[in-house]
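The values are calculated or read from the model by the stated rules, or taken from the named source; none is laboratory data. The structure presented is a predicted model; accordingly, all values stated were derived computationally and were not measured. Here Cβ is always computed from backbone atoms with ideal geometry, including for glycine, and neighbour counts include all displayed protein chains. All accessible areas refer to the heavy atoms of the entire protein, side chains included, with ligands and DNA or RNA removed. Shrake-Rupley method; radii C 1.70, N 1.55, O 1.52, S 1.80 Å.
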Amino acid sequence: MEIKIKGQHFELLPQKAMFWKETQTLLIGDLHLGKITHFRSEGFALPTAAAADNFERLNFLLQHTGATRIIFLGDLFHNRYNSEWDTFVLWRRIHAAIDMLIVMGNHDILPKEALEEINIEVFEEQYEEDGFVFKHHPQEVFLPNQYVFAGHVHPVFKSYGKGKQRFRLPCFVIDQEQAILPSFGVFTGGFAVELVKDRKIYMTTDAQIFKLG
């Protein structure tokens, strides 16, 4: 699903990422790497394959889009160090040719030096480029000619089928001055959003995007 924002082309991907075509950039929010391993260590019966799913989708997106850069919109790593960090470091080395930067989120408590050591550029609050602002927390007040990309809230939308089936799916929220990406990571929960005036919502399954509004 392709949309235009400020004259630029963005592809919404079922893997819960956006691709900025003009700059060959993947936008990814809220991976929460390490969360599954953390909860498994606390005794929660989460499948071991779930942690690998994040990396499989990342690899697919890099191959599918030909991206040369990734902007992480915060909450890359969920908690303090665990073995998933080592997996991420190895993954980063394999993809050393890809430029990567991160705008820090509230869960990014690992020292920023750990990110810089593996050649990920770190921005504390936001990153700006060509009138676009990339940050972790959604913005409430906007400057003229500014468009914001954010994460943090893990938006989901509830829909109901004819047989009273209820669907609760991750979604992209596209407002006039801001886009909020779904959480890329698995087992991260979600916050239900509403379809309000001048808002477009794009629900995503593993294979398809559905437009509302």
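Here the range 63-213 exposes an accessible surface that is 50 percent carbon and sulfur, computed with a 1.4 Å probe and the other protein chains kept in place. Computed with a 1.4 Å probe over protein heavy atoms only, the accessible surface of the chain comes to 51 Å² per residue. Fully extending the segment from His9 to Arg199 would add 66.6 nm, taking 0.36 nm per residue of separation and subtracting the current Cα-Cα distance.
Compared with the direct C-alpha span, the chain from Gln146 to Ile118 gains 7.0 nm at full extension, assuming 0.36 nm per residue.
With a simple spin-label model that places each label point 7 Å from the Cα along the Cα-to-Cβ direction, the separation between Glu129 and Trp91 comes to 2.0 nm. With 22 Å as the limit on Cα-Cα distance, the pairs of Lys21/Lys200; Lys4/Lys112; Lys158/Lys200; Lys135/Lys211 that go past it are Lys4/Lys112; Lys135/Lys211. Neighbours of Ala207 by Cβ distance under 13 Å: Lys/Arg scored +1, Asp/Glu scored -1, total +1.
Using 15 Å as the cut-off for backbone N distance, which residues of the range 10-30 belong to the label zone defined by a point 7 Å from the Cα of Ala207 along Cα→Cβ? Answer for the range 10-30: 14-15. If you take every residue apart from Gly29 with its C-beta less than 11 Å away from the C-beta of Gly29, what net charge results, scoring Lys and Arg +1 and Asp and Glu -1? That works out to 0.
Explain nothing, just the number: relative contact order of the chain, from Cα pairs under 8 Å at least 6 residues apart, as a whole percent.
Reported as a whole number, the value is 20 percent.
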